[in-house]
Amino acid sequence: MAKDILKIEGEATQEQIEALKREYGTIVEGRADDCVAYFKRPSRQQISYAQTLQNDPLKMAETLLKACFVGGSDKIYTDLEHLLGAGSIVDSLITIKTIEVKKL
């Protein structure tokens, strides 16, 4: 009896991922046991708008994920269980550089 191969919802081929990288630059993959989604880094305007929602962290994460979604399964931000687990995606989308301040 042949073993069934589990297909992950939204999984892209390596060629599709490379095309996303060429179009958007850095791509972040968010993977759950049943689906996968791909995200670009947010723009300054997207981050600024998301920060206006700080009183509702779930809405803030959902808004940022929707704005940065470029492919795969939208279940990552439309399904509550997945959205609750997607905080690490949001953290990896926003990179912060350390700036050294020196009094002269």
For this session: Report, to the nearest 10°, how far helix 57-68 tilts away from the longest principal axis of the Cα atoms in the chain, using its own Cα long axis and a range of 0 to 90°.
Result: 70
Exercise. Which far-off residues, 5 or more places away or on another chain, put their amide H under 5 Å from the one on Val70, with H placed in the peptide plane?
Worked result: Tyr38, Phe39, Lys40
For this session: Quick one: which residues, 5+ away or cross-chain, put their amide H under 5 Å from the amide H of Glu11? H built at 1.01 Å from N.
Result: Val36
Exercise. What ³J(HN,Hα) values, in whole Hz, does the Karplus curve 6.51 cos²θ - 1.76 cosθ + 1.60 give for region 22-27 when θ = phi - 60°, with x put for Gly and Pro?
Worked result: 5, 7, 10, x, 5, 10
Exercise. If each residue's Cβ is checked for other Cβ atoms within 10 Å, how do Cys35, Cys68 rank with the fewest at the top?
Worked result: Cys35, Cys68
Seminar exercise, completed: Assertion target for Ser73, Ser48, Ser92, ordered by fewest C-beta neighbours within 10 angstrom first, is Ser48, Ser92, Ser73
Exercise. Hey, what's the Kirkwood Rh for the chain if you take every pair of different alpha carbons, in angstrom?
Worked result: 15.1
For this session: Evaluate the distance, in nm, between pseudo-label points positioned 7 Å from the Cα of Tyr49 and of Gln14 along their respective Cα→Cβ axes.
Result: 3.6
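Bear in mind these aren't lab numbers, they're just calculated from the coordinates by the rules spelled out. All figures in this text were calculated on a predicted structure; none of them were measured in a lab. Backbone-built Cβ (ideal geometry, glycine too); neighbour counts: all protein chains shown.
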